[in-house]
Amino acid sequence: MKKTLVYRMVFYLAGLLVLALGLTLNTKAGLGVSPIISVSFSVSTIWNFNFGNTTLVLYAVFVVAEMVLHLLQYRRFRARAAEQEIGHAKKIDLRLTLLLDALQFPLSLIFTRFLNVFSAWIPTLETDCAGTFAGTFLGRLLFLCLAIVLTGVGAAASLDMRLVPNPGDGIVQAIADTIGKSVGFTKNCFDVCNISVTLLISFLFAGRLTGVGIGTVVAVIGVGRVIALFNHIALRPMARRAGLEPNT
């Protein structure tokens, strides 16, 4: 196995691990969670379901939606290129795309196991750490900032290795490709949709706000900035070691 491939896998797996840690710490701060997991968090909180398992179900829905969108894109292409001799090449691309989609199922299973491990290991700051600095608003806010940094670093490291994307990123890319909009714009719209669904579930079934708070706003703004900063500092050396050309 080439040394560059080893580096690539290490960076990728480390990124997923750090991402899972950041998302879990975000939930433990009790100030509102990242939009992408707000739906699964609210469902697990209201009905006392396992957070990792609920997120696994959500990710599975994302992957199925990706597959449907990719098939729609393929049919659209075939309709436009009916008289051009490029159908076979596109068919191969479709198979590869669907394979990468399918690989997100085992990835989701592994990733959500990380969530469960970290969730069992990290205490809920507001209740389990009551009477200590970690349980105060300022302490929880500091841990929230740490969670945002970890989430951004983990997301950047795993995405930069250009392997199987996590379903949260994959569904955004698939929607962006389908509607012909930028990934940034699509991500903002997708975040708003997730927050809206979370609010609806919270008030309909719990009668209170669940999962959405200042931490949600900080995540929307902060994670993207952390990703940009991390890529500015670390993308080039990571890409060299992994045998990849840097994106920027």
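Worth pointing out:
- Separation in nanometres of the label points that stand 7 Å from Cα toward Cβ, at ILE233 and VAL217: 2.6
- Per residue, the accessible area of the stretch 203-248 comes to 64 Å² when a 1.4 Å probe rolls over the protein heavy atoms.
- Sites ASP128 and VAL192 - FRET efficiency at Förster radius 45 Å, r taken between beta-carbons, to 0.05: 0.90
- Axis of helix 35-46 versus longest Cα principal axis of the chain: the two differ by about 50°, to the nearest ten degrees.
- Set of aspartates and glutamates near LYS187 by C-alpha distance (under 13 Å), chain-local residues within fewer than 8 positions excluded: ASP169, ASP177
- Net lengthening on full extension, THR136/PHE77 (0.36 nm per residue, minus Cα-Cα): 15.7 nm
- Solvent-accessible surface of the stretch 10-140, averaged per residue with a 1.4 angstrom probe and all protein chains in place: 52 square angstrom.
- Nearest 10 degrees, 0 to 90: helix 214-230 Cα axis against the chain principal axis: 50
- Label-point gap, in nm, between LEU96 and ASN48 - each point 7 angstrom along Cα→Cβ: 5.0
- With θ taken as phi - 60° and the Karplus curve 6.51 cos²θ - 1.76 cosθ + 1.60 applied, the whole-hertz 3J(HN,Hα) list for the stretch 155-166 is 5, 5, 4, 6, 5, 5, 7, 6, 9, 6, x, 6 Hz, x standing for glycine and proline.
- The equivalent ellipsoid of the stretch 102-248 has semi-axes of 29, 21, 16 Å, largest first, where each one is the square root of 5 times an eigenvalue of the Cα gyration tensor.
- Distance in nm between pseudo-label sites at THR178 and VAL68 (7 Å out along the Cβ direction from Cα): 0.7
- Ligands, DNA and RNA left out, the accessible area of the chain computed with a 1.4 Å probe is 68% carbon and sulfur.
- In the chain, helical runs assigned H by DSSP with n ≥ 4 each contribute -39500 (n - 2.57); averaged across all residues and rounded to the nearest 500, the mean residue ellipticity at 222 nm is -26000 deg cm²/dmol.
- Dipole axis of the stretch 124-248 (+1 Lys, Arg; -1 Asp, Glu on Cβ), positive-most option in GLY224, THR198, THR124: GLY224
- Here semi-axes √(5λ) of the Cα gyration tensor in Å was computed from the coordinates, and among (1) 33, 23, 16; (2) 33, 18, 16; (3) 44, 28, 11 the match is (1).
- Listed peptides 24-31, 193-200, 229-236 by packing density, highest first (mean Cβ within 10 Å): 24-31, 193-200, 229-236
The values are calculated or read from the model by the stated rules, or taken from the named source; none is laboratory data. Computed from a prediction, not measured in an experiment: that's the story for all the values here. Because the Cβ atoms are built from the backbone with ideal geometry, glycine has one as well, and the counts that use them run over all protein chains shown. Side chains included, ligands, DNA and RNA excluded: accessible areas come from the protein's heavy atoms. Shrake-Rupley method; radii C 1.70, N 1.55, O 1.52, S 1.80 Å.
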